[in-house]
Structures are given as structure tokens and as C-alpha cells.
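Notes to accompany the following structure.
All of the numbers you see were taken from the coordinates with simple rules; none came from a lab. Small disclaimer: the values here were computed from a predicted structure and weren't measured. When we count neighbours, we look across all protein chains shown, and the Cβ atoms used for this are built from the backbone with ideal geometry, even at glycine.
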Amino acid sequence: MDLAARSSSKRTGASGARAVVRLADLGPESVDSIEPLRAADPVPGSQSTALDAEESLAEFRELVSSAGAVITAEVLQHRTRPDPATLIGAGKVEEIAGIAASTEADLVLFDHDLSPTQLRNLDAAMPCRVLDRTQLILDIFARHARTREGQLQVELAQLEYMLPRLTGRGKSMSQLGGGIGTRGPGETQLETDRRRIQRRIDHLKVELDSVRRVRRQQRQRREAVPVPTVAIVGYTNAGKSTLFNRVTGGHVLESSRMFATLDPKLRGIELPSRRKVLMSDTVGFIRNLPHTLVTSFRATLEEVQQAEVLLHVRDAASTYGDEQKAQVEKVLGELGALSKPRIEVLNKIDLLDEHQREGLASRPQAQAVSGREVSVSAHTGEGIDDLLAAIDHALFSDPLIDADLRVPQNEGGVLAAIEGGTVVHNRAYEGNLVHLSVTGPASLVGRLRDYRLRDR
């Protein structure tokens with residue numbers, strides 16, 4: 001499903017579809033507003049609700065832009081409760097239909113999940129197609145899936161979303177029999193479509209199980225060598241891929257658009273202690289992430305479940321950082337990874353002024369050595385050394401230990417292993433022996449027990 005492919009170039013002269021954005025805020029207010037080509041004004045007397053609505057609308061604009069559509073009008077409605085038939089009520093449906101017709105829109109987009117009944121009723125009432133939030137996110141995922149695994153997961157999520165929303169047209173969709181005794185309404189096309197989609201879903205699940213087996217085998221081979229994994233998680237567009245490239249020297253696509261990076265990447269890095277770790281970049285999370293996506297992308301998100309330490313990348317320049325943090329933690333809870341050691345990485349500090357930076361520095365947890373919160377700029381590289389030190393401090397599977405070693409100079413392989421895998425604090429020569437004071441991972445120092453004098 002591709003919005004750009006459905007665009008009307010004759011109408012717009014642009015590559016993207018024209019869309020009317022519809023935000024339904026089911027809050028305590030009951031105020032309606034329509035603002036073509038601009039956001040709705042905050043609702044007086046409801047500061048927190050207005051901020052939430054404006055944040056949601058700004059985020060939804062980014063989603064629409066990432067899907068390649070051009071917004072022609074925005075409508076914001078506050079309701080005490082959703083309408084079961086249309087979500088927004090008959091009067092508002094008629095009003096939006098008029099806006100869509102006057103702006104020659106190709107789509108009406110809802111920042112809300114629509115039930116099958118609501119979607120069917122709105123489709124019948126609008127002069128163009130209707131898409132809800134989940135369909136829009138699935139469209140963006142389909143655009144950015146590059147690997148076979150990513151494409152399988154997107155298709156599975158799309159079909160699982162589509163299955164309960166199939167609608168038929170009664171006997172006009174029936175398949176009539178061709179012989180005596182078979183001249184009846186027969187099996188409807190709707191039932192045939194449902195069965196075909198269900199077969200495809202079952203097939204995709206089998207293929208994804210094969211992907212999980214391959215990943216499990218790869219993980220078992222990695223676990224044969226004690227190399228811990230550090231997973232980058234965070235809200236979409238928080239700068240995860242930029243940070244990944246900065247730390248690993250990789251070339252993951254960096255983009256300001258949401259969900260630009262979909263397929264996971266894994267790279268090895270060396271920490272200040274000379275320990276080797278694997279760093280993985282994962283798909284970004286978002287407010288009200290559809291549950292079908294969490295389920296379908298479980299094979300990808302297994303890297304989060306298996307990681308020893310999580311780097312929760314947050315946009316330090318965002319006004320809604322705390323709410324975004326809560327949404328990420330909600331998804332981590334669904335994955336069973338909320339209890340893992342986690343480092344809060346406050347990214348984009350290059351966008352902050354001096355006063356805002358001082359505010360970050362005065363926070364109780366803003367100490368890199370604590371292994372809990374680090375301020376960085378993935379764009380400029382500021383704070384990356386502190387982040388690596390924090391990762392070093394948070395790892396627990398292969399702890400660092402101090403040791404004094406005495407190695408004959410003719411043991412070149414041993415000396416090379418010490419130089420490459422530990423931090424050498426002091427070196428002294430005595431005849432044919434080299435005395436070394438080092439700090440290194442327990443797995444390496446343990447193999448040097450024949451050369452150890454004592455632990456420090």
C-alpha cells in the first residue's frame with residue numbers, strides 16, 4: 001500500500017496525494033474547530049488537553065509527510081465520547097466531506113484507529129478514500145522495508161489489519177455453481193477473500209518462524225564468544241540512526257522522516273576498557289504504536305529482548321520528552337524488556353541554548369559515571385566518550401577486574417592479547433620479564449592466570 005502511488009498528479013501537480021487531516025481528541029471538552037492549512041487553536045481553559053492535542057497533530061503531520069502526502073486542511077474535534085457509527089458524528093462527517101470535495105483531496109486521514117464499522121460508514125460518506133492512523137503507519141513501514149524479513153513483517157501486519165475490515169456486497173459478490181443442484185447464492189466473494197488472506201497470513205507466520213530460527217542460530221554462535229549486545233531504542237526521529245552511525249562508523253540511512261530506518265542493523269564497537277560489544281539499531285516507537293506492528297515485528301525486536309543494556313535515545317530538544325519516554329517504556333513493557341539496565345541518552349543537545357544545557361547538567365541523574373543518563377549530540381559527537389564510558393559501567397556479564405601480570409618478553413602472542421584486550425596502566429621491564437598492571441574483562445584476565453601475580 002503506497003500513498004504516493006495513489007496520488008492525483010493531474011489535480012495537484014505534485015508527487016504526493018492531497019489529504020484532509022482529521023484529529024479526533026476524545027477528551028473532556030466538546031469544542032469543534034476547522035482550520036484549513038493550519039493547526040487548530042488550543043482550547044481555552046484546558047491547557048494540558050490543548051498541549052496533548054497540538055502535540056498529536058504535529059506528530060500526525062510528520063506521519064503524513066513521511067507517507068508522501070500534502071495536507072490541504074486540518075480539522076480538530078473534541079468529543080466527550082466517540083460515535084459508534086462514525087467516531088465523529090453525522091454532522092461532522094457531512095462537514096468533512098464538503099471540505100474534502102472543495103479541496104479535491106484524495107484521502108481523509110484520521111489520527112485515530114477506526115473500527116471496521118466506522119471505516120465502512122466513513123468510506124461510504126466521503127468523496128475519497130479514508131485511512132486511519134494504523135493504515136498510515138503501515139503504509140510508511142511498507143515504503144521503508146528493504147530486507148526480505150522487513151517486507152514479510154509489514155505484509156503480515158497489513159493482512160492482519162485488513163482481515164476484519166473486509167466488506168462484501170451481498171449476492172452481487174456471490175459465486176454461482178455451474179451444474180444441476182448448484183444454482184444458489186453459493187459462497188460469497190467475501191468468504192473467499194477471507195480464506196485466501198488467512199492462508200497467506202499462515203504462510204507468512206511460517207516464513208517468519210524460519211527467520212526467528214536463523215536469528216536464534218546466529219545468536220547462539222555469537223553467545224559462544226562472550227560478546228554482549230547493546231540495543232538502541234527510542235521514539236521515532238529521536239536520532240537513533242545518527243547515534244548508531246556516530247558510534248559504530250556505520251552508514252545507516254539518516255532522515256528526519258519518521259520510521260526511516262526499519263530493518264535492524266548490528267555492528268561491533270570497542271569500549272574504552274577495550275571490551276568488544278555489539279550495538280544494534282532498532283525500529284523507532286511512536287505514540288499508540290499499533291499492536292499488530294509490535295506482534296509482527298517481534299522477530300526484529302528480539303534484539304531488544306536479548307540485549308544486556310538498552311540505550312534509550314531521547315530528543316533533549318523536544319517539549320514532550322517525558323510523554324515520549326512513557327510511550328517507549330510502554331512498548332518495552334510489552335516486550336518484557338522494561339527491567340533491563342537502561343541508559344537514558346539525551347540526544348540533540350546541540351539544539352539547546354546555554355540556559356537549557358545548564359538545566360540538563362543540574363538534573364540529579366545527569367552524571368555520565370552513574371550509567372543512567374548521558375547528554376550527547378550525535379550530530380557533532382559531543383558527549384560520545386561519556387556515553388561509551390557509561391556503557392562500560394553498565395555491562396555486567398563480563399565484568400572488569402584489575403590484575404598484575406608478569407609475562408616473559410618472548411611470549412609475543414600473550415603480550416599482544418594484553419595490549420589489544422586490556423587497559424595497561426603501568427609497564428616495567430626486569431630482565432626477560434615484563435611487569436604489567438592492567439584492567440580488563442574477566443574472560444580475558446582469567447585466561448592469563450599463569451602470568452598473574454595477584455588481584456588488585
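Numbers at a glance
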{"item": "Interchain or long-range residues, amide H under 5 Å from PHE110's placed H", "result": "ARG22, LEU131, ASP132, ARG133"}
{"item": "Beta bridges by DSSP in region 306-456, antiparallel share as percent, to the nearest 5", "result": "70 percent"}
{"item": "Flagged links, alpha-carbon separation over 28 Å, of LYS276/LYS348; LYS205/LYS330; LYS92/LYS240; LYS92/LYS325", "result": "LYS92/LYS240; LYS92/LYS325"}
{"item": "Dipole of region 310-426, positive direction: furthest Cα of GLY333, LEU352, VAL376, with charges on the beta-carbon", "result": "GLY333"}
{"item": "Burial ranking of peptide ranges 143-153, 231-241 (average Cβ count within 10 Å, highest at the top)", "result": "231-241, 143-153"}
{"item": "Under Karplus coefficients 6.51, -1.76 and 1.60, residue-wise ³J(HN,Hα) of region 346-353 in Hz, glycine/proline x", "result": "8, 8, 6, 5, 5, 8, 9, 7"}
{"item": "Relative exposure of ASP385, ASP392, ASP132, judged by other C-beta atoms within 10 Å (fewest first)", "result": "ASP385, ASP392, ASP132"}
{"item": "Least to most buried among SER339, SER273 (fewest other Cβ within 10 Å first)", "result": "SER339, SER273"}
